[in-house]
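Here the structure comes first, spelled out in structure tokens, and everything after it is commentary.
The values are calculated or read from the model by the stated rules, or taken from the named source; none is laboratory data. Note that the coordinates shown come from a computational prediction; the quantities given were computed from them, not determined experimentally. In this analysis, Cβ positions are derived from the backbone assuming ideal geometry, glycine residues included, and neighbour counts consider all displayed protein chains.
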Amino acid sequence: MITVALVDDHDLVRAGVRAILEQDPLFKVVGETGDGQEAIRMAAALKPDVMLMDVHLPGGIGGLDATETIVRDCPGVKIIILTQYENREYIRRALRIGARGYLLKRSVAEELKDAIRTVHAGRRYLHPSVADELVDLVTAGRSVDDTANDYDRLTPREKQVFTLLVEGKTSREISTYLTISLKTAMTHRTNVMEKLNLHSRAELIHYAVRHAILPADEA
């Protein structure tokens, strides 16, 4: 039996995926959440064989940031990105930080199950259009690692503050949300802006979209 955890902020998506998997005795859904921070806690507590992770999650920790933490802290949990986005930068970053698969939500049920089986067996699984994107990269002489940027050098807390700033949160709102002092929140904000050489929220949003941290349609 393959244990699976679901991470998506849409209840209907989670319910649909759960229904597909629970029809097959090979799979057991052991947990689900729509929050990135909770996904990290769930991975540590439940140690599922495979975790299906959406890219865009509310609350300051997106799916790719959560994936990076889980891959580092819970290497036995294999992650498949399950998303609607075919953005090349998302694909490259997902694979670079250790995701074992990249699947699109328009995939059929059997493809979803095949992806989980493949990743659980220790191999990678890429949706055909995603594989085509990587072929284009190789043909152009570029690699997955070409996406490294200053964002990757932010601390986990700074990444969370970055996302909250992009979402339009003020320093005071961030301090309340993260249960930290206003001074600490302001310090994190200053550090983020200085490390990324940014000077306004508009520049933050542009940076987030350009580096596949925020979907363009969420900007």
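Structure notes:
- Put simply, of L26, L64 the only residue that is in the same structural domain as R124 (by TED's automatic domain parsing), crowded, with 22+ Cβ neighbours inside 10 Å and in contact with a helix residue (DSSP H, G or I) (Cβ under 8 Å, 6 or more places away or on another chain) is L64.
- Of all residues in segment 158-205 being in a helix (DSSP H, G or I) and of a type in the set (S, T, Y), the one that is surrounded by the fewest Cβ atoms within 10 Å (Cβ to Cβ): T190
- Segment 53-81, residues that are assigned to a strand (DSSP E or B) and either within 10 Å of the chain's Cα centre (by Cα) or over 19 Å from L95 (Cβ atoms) (or both): M53, I79, I80, I81
- Qualifying residue in segment 125-146 (condition: at positive phi, modelled with pLDDT of 90 or more and part of a loop (DSSP other than H, G, I, E, B)): no
- Y151 vs. criteria modelled with pLDDT of 85 or more and not hydrophobic (A, V, I, L, M, F, W, C): no
- Pairs where the first residue, in segment 145-157, is farther than 21 Å from I180 by Cβ and the second is aliphatic (A, V, I, L, M) and modelled with pLDDT under 65, C-beta under 9 Å, 6+ apart: D146/L137
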